[in-house]
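Report on the following structure.
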Amino acid sequence: VNDCDLHPDMMDAPRDALGSTESLYCIVRCSATWFMRDLVLPDTVRHNRGLPPLSVAEKLQALEAWQAESERTTLSKCDLDSPIGYVSVHSVRLVMTKVKLTISKPVATAKQDKSLRKAYRTTCLKMLEYAASLRDYEQGRKWLWLFQTYIEWDALAYLLLDLCLAPKQADLYTTWPMVDRIYNHWSSDPDAPRTSRWENIEELRKEAGVVRQRLEANVQSSHAVPTSNSN
């Protein structure tokens, strides 16, 4: 409900509004935080709280079900043409994507399934897209402090690693533009922390850059028009 729906003399609770309200953004963020907190708990903590352990597949299934319900009940009510509506939708989707990355993060010691690796790569890319869209949304800058504290280290590092290990020519036009966009933003931000994580990203970017140059050379050679010898 809106604040104007509440007054000291009211005897009955106000009816829920059919569309967006002043409280929608707060409701969306709080419900998302409440749900995600329980979902990412380690099994030991879940056991201590009397909750059953969940496999990765079960967590992803629960996340997808909650996301579908949120899209139906709250996010669909947000007006994307209004700043608060735009920020509400994209920020919650960013949080959901971040949690999905946390849940499905590949284990270094385990053999990687190609389909899972591809899905994780897609999720990383989607997360960078949501983060960039929020940062570039001029009308939502007054709320940017809510998201700017989180740097997309993991998603950026994984994409750079994958660009080294499984490069494709299509990456030159799809993945690389977004990777460059995120990297250039944080590399030019004087307030971004320069920790060992950033050093790792710098190293990965150098290695991926070498692979990128080879891909670009292959594209150029494949597009070169052979010249005929004249007598």
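The values are calculated or read from the model by the stated rules, or taken from the named source; none is laboratory data. The structure displayed is predicted, hence computed values, not measured ones. Ideal geometry is used to build each Cβ from the backbone, glycine not excepted, and the neighbour counts take in all protein chains shown. Side chains included, ligands, DNA and RNA excluded: accessible areas come from the protein's heavy atoms. Shrake-Rupley method; radii C 1.70, N 1.55, O 1.52, S 1.80 Å.
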Once phi is turned into ³J(HN,Hα) by the Karplus curve 6.51 cos²θ - 1.76 cosθ + 1.60 with θ = phi - 60°, what whole-Hz value does each residue of region 42-48 show in order, with x for glycine and proline? x, 4, 5, 5, 4, 5, 5
Sorted list, accessible surface of protein heavy atoms, 1.4 Å probe, largest first, for V179, V40 is V40, V179
Quote the convex hull volume per residue of region 165-209, based on C-alpha atoms, as a whole number of Å³. 68
How are the C-alpha pair distances of region 38-136 spread across 10 Å bins, as whole percents from the shortest bin up? 14, 37, 33, 14, 2
Apply the Karplus parameterisation 6.51 cos²θ - 1.76 cosθ + 1.60, with θ equal to phi minus 60°, to every residue of region 152-168 and state each ³J(HN,Hα) to the nearest whole Hz, in sequence, with x for glycine and proline. 7, 4, 5, 5, 5, 5, 5, 5, 5, 5, 5, 5, 7, 8, 9, x, 9
Ranked by accessible surface with a 1.4 Å probe, highest first, in what order do D189, D3 come? D3, D189
Value at 222 nm in deg cm²/dmol, rounded to 500, when DSSP H runs of n ≥ 4 in the chain each add -39,500 (n - 2.57): -20500 deg cm²/dmol
The pairs in K118/K168; K98/K206; K114/K206 lying past 23 Å Cα-Cα in this model are K98/K206; K114/K206
Can you check what the Kirkwood hydrodynamic radius comes to for the chain, Cα pairs only, in Å to one decimal? 20.8
Where Lys and Arg each count +1 and Asp and Glu each count -1, what net charge lies around Y130 among other residues with Cβ under 13 Å from its Cβ? +3
Given the alpha-carbon gyration tensor of region 1-78, what are the semi-axes of its equivalent ellipsoid in whole angstrom, ordered largest first, with each equal to the square root of 5 times an eigenvalue? 33, 16, 9
How big is region 96-199 by Rg and Dmax over its Cα atoms, in Å? 14.3, 45
Using modelled amide H (1.01 Å from N, peptide plane; none on Pro or chain starts), what sits under 5 Å from the amide H of A17, excluding residues fewer than 5 places away? none
Enumerate the calculated ³J(HN,Hα) couplings along region 92-101 in order (Karplus 6.51 cos²θ - 1.76 cosθ + 1.60, θ = phi - 60°), each rounded to whole Hz, writing x wherever the residue is Gly or Pro. 5, 5, 5, 4, 4, 5, 4, 5, 4, 5
If amide hydrogens are placed 1.01 Å from N in the peptide plane, which non-local residues have theirs closer than 5 Å to the one on D79? G85
Excluding same-chain residues fewer than 8 positions from K77, which aspartates and glutamates have a Cα within less than 14 Å of its Cα? D16, E22, E69
